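Okay, so here's the structure we're looking at.
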């Protein structure tokens, strides 16, 4: 029966090719436009570490200006001070925690063919790797001794290892960073979580870092943050040490808290810590601390720009116009065939059989429009990638989920668009149309 | 033209008309608000920058040698760059204007730093800074060579004199002449305003304080040094190549990281806005086309449905013009219902956008202009089918279909 309906549908579509083309292309353009916008939304609203969502928490402390709150999520700074970061690391109240920032360093390779160049390093603790589940190709994170003793060791990204060592196992090899010798202890596999949930300060779609070095090197190497530094109070003395002791926020702090109880304990610990600091004259604002899981963190940091939401909304209105258009055309087409319907009804075809036949026809149109629409969406995203730099262009990609969503949307929408015309047309009393004939 | 018979005919066959009216309503809402967003962003992008953006480029250098001496390297590089034919002026610069990244400070009117502060972008350049950007002081004086301090960024202490933009002066000292006035950063050391620049845009185009700038006569001695270079019109790209090559050959213990046009940074920072504008323009164009095709399709259908009636009317003495008028009026009625509904949709959608983007609401005239456009679109779209209807010979009434 289905095959028969399908044959009828194709026959009917062929009978009126211009109208069919108009309907298919209206659906295709509508689906293409909404798939393009939805694909961007899909990438940007993703959570690359959803499976650890309720274990990883971004830590916020409010050490800001008593006269004016920080403009950020929960009116609190999104980063912490060096003072607080080192105190929280030392307390080690969470099973795992890490603090990190990005810094620029000059890399000199022992291979003279590679000219010195500037790399972006993530300066952090070894817990960074297991907490964020970074995949290793060779070796592994550095040991606790490197974190405590400011050892000159590094973990390379896949790209850096490719560039310096041609992708070979480089564990044990050395590179020069800012005129110091560093030993490679590990090499990551390709790792580019999108959005870059662990550091939203420097562009949520930015590339990952070139390599990783221990946080304990910050002080001896006087490493500056390449990222966002925010200060509200002048440093007491104008030296690097003065900056470390200042109220400037420039470090991202994450805690891994496996259970709700651990989370509550940690919150309590933070509150006590702030209370203690208040006694010492810091934290002039009302005491406030906040733990955000990854989803919350991505949301409150507005990783999905409002513009993308607006585009998605407009593209769905656009799709609605395309669908209204299609309903009108399908209705016109079906009504034109009233005579045929009347005849078939008079010859004994049931309403249900006819209804099914017309739904199959609109379903075929929808599927055609959907397939074409995926193509239109692909062209749209291709055009966007062309307009955007490689980092931002990362959002303009079509994955299989989106292809599925686009097709489903097309078929469901066109079936919905077909229901009313099909229902209208099968309710025609057969006698009326036979009479006109 | 009698409207009543058209209306009663419409009411007997509502569905097609409702579909078209809804399409027109949504189209009006989308078009008005797309144009609203496009206009808002275009105005923001077209603001005068106060600098010769098209003829500026940026050089970034990074030290690798353990014996690197930043101050002497900076002098060498400045001399080298100034010696290239086609270069108008050069200055070290801490950050890149229009790029979406830079330095900002909160400024206070009182030494105790009480109350709310005024945010401003901070430029650190030497006495050639303003001329390099292509800006001039309109009041007061520019920095002199003796004003300029070379400082290590770690031990940086802000200078006691500054040049500010007029927008910053107006915000801090409303209604007064900012010349000679004093402001404070996060310490009790006063900063005296010695010059005022009318317009100079800062680092973050989407920031409300984009027009408020301070220029300090400071050059940072760092491992990463940056220069801004202005060239004679049309010579930028050629000078960039020469500069990259010459700096690469200078042996100061640092290397050229990149040499890029200022417009590269500006365009990169504006790219998502630009992409948004293109998307909205394409969407608006397509929706007009689809709505027009929908009107053509349904009007053609209704003409073919009514072939017999049209023939009868013609046989009874209706002129061709009457038939055309009939379909035009019918379409005008449908469009009018659509745009009435659409105006409500447009305002509702705009209400959401305004709350999201914190921009002033849509100007009232957008909607009447949109309504006029859709009326015109509807009439144009229906013209073809209506003329076809008018061409139906009266004799058709006598035949059976």
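Would you confirm whether or not the stretch B:170-192 contains a residue that is closer than 27 Å to residue B:62 by Cα and without any contact (Cβ under 8 Å) to a residue 40 or more places away in the chain? So that I can check it myself, show each step before the final result.
Restricting attention to the stretch B:170-192, the residues satisfying the condition of being closer than 27 Å to residue B:62 by Cα are none.
Checked the stretch B:170-192: no residue is closer than 27 Å to residue B:62 by Cα and without any contact (Cβ under 8 Å) to a residue 40 or more places away in the chain.
Away from chain B (no Cβ under 14 Å), assigned to a strand (DSSP E or B), more than 21 Å from the chain's Cα centre (by Cα) and buried (at least 23 other Cβ atoms within 10 Å of the Cβ): does that describe residue A:59? Spell out how you get there, then give the answer.
Working: away from chain B (no Cβ under 14 Å): yes; assigned to a strand (DSSP E or B): yes; more than 21 Å from the chain's Cα centre (by Cα): no; buried (at least 23 other Cβ atoms within 10 Å of the Cβ): yes.
No, not satisfied.
Would you be able to tell me the number of residues in the stretch B:348-380 that are in contact with a helix residue (DSSP H, G or I) (Cβ under 7 Å, 6 or more places away or on another chain), within 12 Å of chain A (Cβ to nearest Cβ) and part of a helix (DSSP H, G or I)? Before the answer, list the steps.
Of all residues in the stretch B:348-380, those in contact with a helix residue (DSSP H, G or I) (Cβ under 7 Å, 6 or more places away or on another chain) come to B:349-350, B:353, B:356-357, B:359, B:361-362, B:366-367, B:370-371, B:374-375, B:377-379.
Filter once more, so that each one left must be within 12 Å of chain A (Cβ to nearest Cβ): B:349-350, B:353, B:356-357, B:359.
Add one more test, that the residue is part of a helix (DSSP H, G or I), and what stays is B:349-350, B:353, B:356-357.
Total meeting the criteria: 5.
Please return the ranges of helices (runs of 4 or more DSSP H) entirely within the stretch A:336-437 where 1 or more residues are more than 21 Å from residue A:19 (Cα to Cα) and either modelled with pLDDT of 85 or more or within 14 Å of chain B (Cβ to nearest Cβ) (or both). Let's see the steps before the verdict.
Details: elements: A:338-346, A:351-387, A:390-393, A:400-426, A:430-436.
Counting at least 1 such residues, we get A:351-387, A:390-393, A:400-426, A:430-436.
Which one of these is touching a helix residue (DSSP H, G or I) at 6+ places or on another chain (Cβ under 8 Å) and either surrounded by fewer than 19 Cβ atoms within 10 Å (Cβ to Cβ) or without any contact (Cβ under 8 Å) to a residue 12 or more places away in the chain (or both): A:288, A:275, A:299? Steps first, please.
Values: A:275 fails: touching a helix residue (DSSP H, G or I) at 6+ places or on another chain (Cβ under 8 Å); A:299 fails: touching a helix residue (DSSP H, G or I) at 6+ places or on another chain (Cβ under 8 Å).
Being touching a helix residue (DSSP H, G or I) at 6+ places or on another chain (Cβ under 8 Å) and either surrounded by fewer than 19 Cβ atoms within 10 Å (Cβ to Cβ) or without any contact (Cβ under 8 Å) to a residue 12 or more places away in the chain (or both) holds for just one of A:288, A:275, A:299, which is A:288.
Assigned to a helix (DSSP H, G or I), crowded, with 24+ Cβ neighbours inside 10 Å and within 9 Å of chain B (Cβ to nearest Cβ): does that describe residue A:331?
Numbers: assigned to a helix (DSSP H, G or I): yes; crowded, with 24+ Cβ neighbours inside 10 Å: no; within 9 Å of chain B (Cβ to nearest Cβ): yes.
Considered against the rule, which asks whether it is assigned to a helix (DSSP H, G or I), crowded, with 24+ Cβ neighbours inside 10 Å and within 9 Å of chain B (Cβ to nearest Cβ), residue A:331 comes out as no.
Just one of B:118, B:155 is surrounded by fewer than 16 Cβ atoms within 10 Å (Cβ to Cβ), in contact with a helix residue (DSSP H, G or I) (Cβ under 8 Å, 6 or more places away or on another chain) and under 27 Å from residue A:64 (Cβ atoms); which is it? Talk me through it step by step, then tell me what you get.
Numbers: B:155 fails: in contact with a helix residue (DSSP H, G or I) (Cβ under 8 Å, 6 or more places away or on another chain).
Testing whether each residue is surrounded by fewer than 16 Cβ atoms within 10 Å (Cβ to Cβ), in contact with a helix residue (DSSP H, G or I) (Cβ under 8 Å, 6 or more places away or on another chain) and under 27 Å from residue A:64 (Cβ atoms) leaves just B:118.
Test of understanding: among B:164, B:242, B:219, which residue is away from chain A (no Cβ under 14 Å), modelled with pLDDT of 95 or more and closer than 26 Å to residue B:48 by Cα? Give the derivation first.
On the way: B:242 fails: closer than 26 Å to residue B:48 by Cα; B:219 fails: closer than 26 Å to residue B:48 by Cα.
Going through B:164, B:242, B:219 in turn, the sole match is B:164.
Select from the stretch B:171-180 the residues that are out of contact with any helix residue (DSSP H, G or I) (no Cβ under 9 Å at 6 or more places or on another chain) and surrounded by 15 or more Cβ atoms within 10 Å (Cβ to Cβ) and write down the one among them that is farthest from residue B:116 (Cα to Cα).
First pass over the stretch B:171-180, keeping only residues out of contact with any helix residue (DSSP H, G or I) (no Cβ under 9 Å at 6 or more places or on another chain): B:171-175, B:180.
Then keep just the ones that are surrounded by 15 or more Cβ atoms within 10 Å (Cβ to Cβ); that gives B:171-173.
On the way: B:171: 12, B:172: 11, B:173: 14 Å.
So the residue we want is B:173.
I want to confirm something. Restricting to the stretch B:257-284 and keeping residues that are under 30 Å from residue A:322 (Cα atoms) and more than 7 Å from chain A (Cβ to nearest Cβ), which single residue is surrounded by the most Cβ atoms within 10 Å (Cβ to Cβ)? Step through it out loud before you land on a result.
Applying the first criterion (under 30 Å from residue A:322 (Cα atoms)) to the stretch B:257-284 yields B:271-284.
Checking which are more than 7 Å from chain A (Cβ to nearest Cβ) leaves us with B:273, B:277, B:280-282, B:284.
Values: B:273: 18, B:277: 19, B:280: 23, B:281: 13, B:282: 16, B:284: 20.
Checking each candidate, the answer is B:280.
If I filter the stretch A:229-249 for residues that are within 19 Å of residue A:61 (Cα to Cα), under 23 Å from the mean Cα position of the chain (by Cα) and outside any helix (DSSP H, G or I), do I get at least one hit?
No, the stretch A:229-249 contains no residue that is within 19 Å of residue A:61 (Cα to Cα), under 23 Å from the mean Cα position of the chain (by Cα) and outside any helix (DSSP H, G or I).
Which members of the stretch A:11-27 meet the condition of being modelled with pLDDT of 90 or more and surrounded by fewer than 23 Cβ atoms within 10 Å (Cβ to Cβ)?
Answer for the stretch A:11-27, where residues must be modelled with pLDDT of 90 or more and surrounded by fewer than 23 Cβ atoms within 10 Å (Cβ to Cβ): just A:25.
May I ask you to list the residues in the stretch A:303-324 that are at the interface with chain B (Cβ under 7 Å from one of its Cβ atoms), surrounded by fewer than 18 Cβ atoms within 10 Å (Cβ to Cβ) and under 16 Å from residue A:205 (Cα atoms)?
Across the stretch A:303-324, the qualifying residue is only A:306.
Of all residues in the stretch B:149-198, which are closer than 29 Å to residue B:224 by Cβ and part of a loop (DSSP other than H, G, I, E, B)?
Within the stretch B:149-198, B:153, B:154, B:155, B:156, B:157, B:158, B:159, B:160, B:185, B:186, B:187, B:189 qualify.
For the stretch A:87-100, which residues satisfy the criterion of being under 21 Å from residue A:154 (Cβ atoms) and in a helix (DSSP H, G or I)?
Of everything in the stretch A:87-100, just one residue is under 21 Å from residue A:154 (Cβ atoms) and in a helix (DSSP H, G or I), namely A:89.
Test residue A:289 against the criterion of being assigned by TED's automatic domain parsing to the domain that holds residue A:219 and out of contact with any strand residue (DSSP E or B) (no Cβ under 6 Å at 6 or more places or on another chain), and give yes or no. Steps first, answer last, please.
Details: assigned by TED's automatic domain parsing to the domain that holds residue A:219: yes; out of contact with any strand residue (DSSP E or B) (no Cβ under 6 Å at 6 or more places or on another chain): no.
Taking the combined requirement at face value, the residue does not satisfy it.
For the stretch A:1-37, give me the residue count where each residue is more than 19 Å from residue B:290 (Cβ to Cβ) and either under 32 Å from the mean Cα position of the chain (by Cα) or outside any helix (DSSP H, G or I) (or both).
Initially, the stretch A:1-37 is screened for residues more than 19 Å from residue B:290 (Cβ to Cβ), giving A:1-15.
Applying the additional criterion that residues be either under 32 Å from the mean Cα position of the chain (by Cα) or outside any helix (DSSP H, G or I) (or both) yields A:1.
Count: 1.
Has the stretch A:282-296 got any residue that is facing chain B (nearest Cβ under 9 Å) and assigned to a helix (DSSP H, G or I)?
Scanning the stretch A:282-296, I find no residue that is facing chain B (nearest Cβ under 9 Å) and assigned to a helix (DSSP H, G or I), so the answer is no.
Filter the stretch B:137-148 down to the residues that are surrounded by fewer than 16 Cβ atoms within 10 Å (Cβ to Cβ) and in contact (Cβ under 8 Å) with a residue 40 or more places away in the chain, then identify the one that is farthest from residue B:225 (Cα to Cα). Don't jump to the end; show me each part of the working.
Step one: list which residues in the stretch B:137-148 are surrounded by fewer than 16 Cβ atoms within 10 Å (Cβ to Cβ), which gives B:138, B:141, B:144-146.
Still in the running and in contact (Cβ under 8 Å) with a residue 40 or more places away in the chain: B:138, B:141.
Numbers: B:138: 29, B:141: 27 Å.
Filtering the stretch B:137-148 for residues that are surrounded by fewer than 16 Cβ atoms within 10 Å (Cβ to Cβ) and in contact (Cβ under 8 Å) with a residue 40 or more places away in the chain, the one farthest from residue B:225 (Cα to Cα) comes out as B:138.
Residue pairs, Cβ under 9 Å, 6 or more apart or interchain, first in the stretch B:11-23 and at the interface with another protein chain (Cβ under 9 Å from one of its Cβ atoms), second surrounded by fewer than 22 Cβ atoms within 10 Å (Cβ to Cβ) and part of a loop (DSSP other than H, G, I, E, B). List them.
Here the result reads none, with nothing in the stretch B:11-23 linked to a residue that is surrounded by fewer than 22 Cβ atoms within 10 Å (Cβ to Cβ) and part of a loop (DSSP other than H, G, I, E, B).
Taking the stretch B:51-72, which residues are touching a strand residue (DSSP E or B) at 6+ places or on another chain (Cβ under 9 Å), within 18 Å of residue B:126 (Cβ to Cβ), away from chain A (no Cβ under 14 Å) and not in a loop (DSSP other than H, G, I, E, B)?
Answer for the stretch B:51-72, where residues must be touching a strand residue (DSSP E or B) at 6+ places or on another chain (Cβ under 9 Å), within 18 Å of residue B:126 (Cβ to Cβ), away from chain A (no Cβ under 14 Å) and not in a loop (DSSP other than H, G, I, E, B): B:56, B:57, B:58, B:71.
So in the stretch A:63-83, with the set limited to residues that are touching a helix residue (DSSP H, G or I) at 6+ places or on another chain (Cβ under 8 Å) and either within 14 Å of another protein chain (Cβ to nearest Cβ) or in a loop (DSSP other than H, G, I, E, B) (or both), which one is nearest to residue A:406 (Cα to Cα)?
At the first step, the residues of the stretch A:63-83 found to be touching a helix residue (DSSP H, G or I) at 6+ places or on another chain (Cβ under 8 Å) are A:63, A:69, A:73-74, A:80, A:82-83.
Narrowing further to those that are either within 14 Å of another protein chain (Cβ to nearest Cβ) or in a loop (DSSP other than H, G, I, E, B) (or both): A:63, A:69, A:82.
Values: A:63: 47, A:69: 43, A:82: 47 Å.
The extreme case among them is A:69.
For the stretch A:267-281, enumerate the residues that are over 28 Å from the mean Cα position of the chain (by Cα) and part of a helix (DSSP H, G or I).
The initial filter retains those residues of the stretch A:267-281 that are over 28 Å from the mean Cα position of the chain (by Cα), namely A:268-281.
Within the stretch A:267-281, A:268, A:269, A:270, A:271, A:272, A:273, A:274, A:275, A:276, A:277, A:278, A:279 meet the criteria.
Among the residues of the stretch A:341-351, write down those that are exposed (fewer than 14 other Cβ atoms within 10 Å of the Cβ) and without any contact (Cβ under 8 Å) to a residue 60 or more places away in the chain.
Result: A:347, A:348, A:350.
Taking residue A:386 and the conditions (1) surrounded by fewer than 18 Cβ atoms within 10 Å (Cβ to Cβ); (2) touching a helix residue (DSSP H, G or I) at 6+ places or on another chain (Cβ under 9 Å); (3) touching a residue at least 24 places away in the same chain (Cβ under 8 Å), which numbered condition does it fall short on, given that it satisfies the others?
It fails just one condition, (3).
Can you name the residue in the stretch B:184-198 that is under 26 Å from residue B:49 (Cβ atoms) and more than 14 Å from chain A (Cβ to nearest Cβ) and, of all such residues, is surrounded by the fewest Cβ atoms within 10 Å (Cβ to Cβ)? Give the derivation first.
Just the residues of the stretch B:184-198 that are under 26 Å from residue B:49 (Cβ atoms), to begin with: B:185, B:191, B:193-198.
Checking which are more than 14 Å from chain A (Cβ to nearest Cβ) leaves us with B:193-198.
Details: B:193: 23, B:194: 20, B:195: 20, B:196: 18, B:197: 25, B:198: 14.
The residue in question is B:198.
The values are calculated or read from the model by the stated rules, or taken from the named source; none is laboratory data. Bear in mind the structure is a predicted one, so any value in this text is a computation, not a measurement. For neighbour counting, all protein chains shown are included, and Cβ atoms are generated from backbone atoms with ideal geometry for every residue, glycine included.
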